[in-house]
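Trainee: Take this structure first; my questions come after.
Here, each number is a calculation from the coordinates, and none is a lab measurement. Everything numeric in this text was worked out from a predicted model, so none of it was measured. All Cβ positions, even for glycine, are placed from backbone atoms using ideal geometry, and neighbour counts span all protein chains on display.
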Amino acid sequence: MAPDDPPTEELKLRQLAEERMARRRLKDADTEAEADRERRRADKAGYLRRKLEERERSERDAGLDDEPPPAA
């Protein structure tokens, strides 16, 4: 990860917010085309969020997360 990249947790939260917004817009869609578009956006954001969760687990397992090691 480059030094100026946001942490995985932040990226995951952004995708969660995007997914929720798209699901709300889906409920308010006036046309089937609009509903399809918002459904695809929500699905994509959900997919990216799940991938970021996998990345977060991998980073944690590899000891690459931002948390300091527990005190002994």
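Trainee: Apply 1/(1 + (r/R0)^6) to the Cβ-Cβ distance of Arg20 and Glu59, taking R0 = 25 Å, and write down the FRET efficiency to the nearest 0.05. Before the final figure, lay out the partial values.
Mentor: On the way: r = 24 Å, r/R0 = 0.97.
After rounding, the FRET efficiency stands at 0.55.
Trainee: Gain in length, Leu13 to Asp36, computed as 0.36 nm per residue apart minus the alpha-carbon separation, to one decimal in nm? Write out the running numbers ahead of the final one.
Mentor: Details: separation 23, 0.36 × 23 = 8.28 nm, distance 2.35 nm.
Stretched fully, the Leu13-Asp36 segment lengthens by 5.9 nm.
Trainee: If we count every other residue with Cβ under 12 angstrom of Arg20's Cβ, Lys/Arg +1 and Asp/Glu -1, where does the sum land?
Mentor: On the way: positive: Arg14, Arg23, Arg24, Arg25, Lys27, Arg41, Arg49; negative: Glu18, Glu19, Glu38.
Its environment carries a net charge of +4.
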